[in-house]
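Report on one structure; see the data block that follows.
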Ligand SMILES: Cc1cc2nc3c(=O)[nH]c(=O)nc-3n(C[C@H](O)[C@H](O)[C@H](O)COP(=O)(O)O)c2cc1C
């Protein structure tokens, strides 16, 4: 069985996509079999082929995007029961940032997924549509994924 990294990404600089790819590469480096897709590229029924899904979204107005939440809602019931999952987001580091991972995790739990890792919060900086990852965030994402692999059964 495989791991799916699925994400939404809205801005021109596609920060959440960048983090998703770092996570996917790190998972692969550590022995996991991984696919990584923008949510529109994933047919909900295909999710049942994965043992673990890792779901990411930019934080927008303190929440995940409506689109990634709709994607999660659309998963067929046989796609999720007892399967493993984890959440990540990108956001600007400030006191009132909010946190997209909270709502993603709540939805994953409600759907019957088992959370296998604390969430990854990835900080970006810069002006709208000219974002970049803050120093150290790429390494943090790599390390998060490496830790997550340790919690997956060898067959996932
Ligand atoms: C309309 C809009 C709303 C945003 N709201 C928040 C927010 O509530 N909290 C936060 O930390 N960042 C917020 N941001 C910043 C984005 O979360 C951040 O830039 C993110 O990395 C963009 O990801 P993307 O490039 O994958 O779309 C917002 C950005 C936009 C354009």
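Here are some notes:
- Each of 77, 57 has some number of other Cβ atoms within 10 Å of its Cβ, and from fewest to most they run 77, 57.
- Of all DSSP beta bridges confined to the stretch 2-150, the antiparallel ones make up roughly 10%.
- Computed [θ] at 222 nm, deg cm²/dmol, the chain (DSSP H ≥ 4; -39,500 (n - 2.57); rounded to nearest 500): -9500 deg cm²/dmol
- Potential extension, residue 143-residue 21 segment - 0.36 nm per residue separation minus Cα distance: 42.6 nm
- Overall dimensions of the chain by Cα: Rg and Dmax, Å: 14.3, 42
- Neighbour-count order for 52, 36, fewest beta carbons within 10 angstrom listed first: 36, 52
- Residues considered: 74, 109, 26. Largest GNM mean-square fluctuation over the chain, using C-alpha springs under 10 Å, is found at 74.
- Normalised contact order of the stretch 2-150, rounded percent, pairs of Cα under 8 Å and 6 or more residues apart: 27
- Sites residue 134 and residue 35, calculated FRET efficiency, Cβ-Cβ separation with R0 22 Å, nearest 0.05: 0.20
- Footprinting exposure proxy ranking of 131, 7, 50, fewest other C-beta atoms within 10 angstrom first, gives 131, 50, 7.
- Viscosity 1.306 mPa s, temperature 10 °C, Stokes-Einstein D of the stretch 107-156 from Kirkwood C-alpha radius, µm²/s: 121
- Taking the C-alpha atoms only, the angle from helix 100-110 to the longest principal axis of the chain is near 20 degrees.
- Taking each residue as 0.36 nm, the span from residue 127 to residue 66 lengthens on full extension beyond its C-alpha to C-alpha distance by 19.7 nm.
- Mean separation of Cα contacts under 8 Å, 6 or more apart, over the residue count of the stretch 40-84: relative contact order %: 56
Every number here is computed from the coordinates shown, using simple stated rules; none is lab data. Every value quoted in this text rests on a predicted model; they were computed, and no experiment measured them. Cβ: placed from backbone, ideal geometry, glycine included. Neighbour counts: every protein chain shown.
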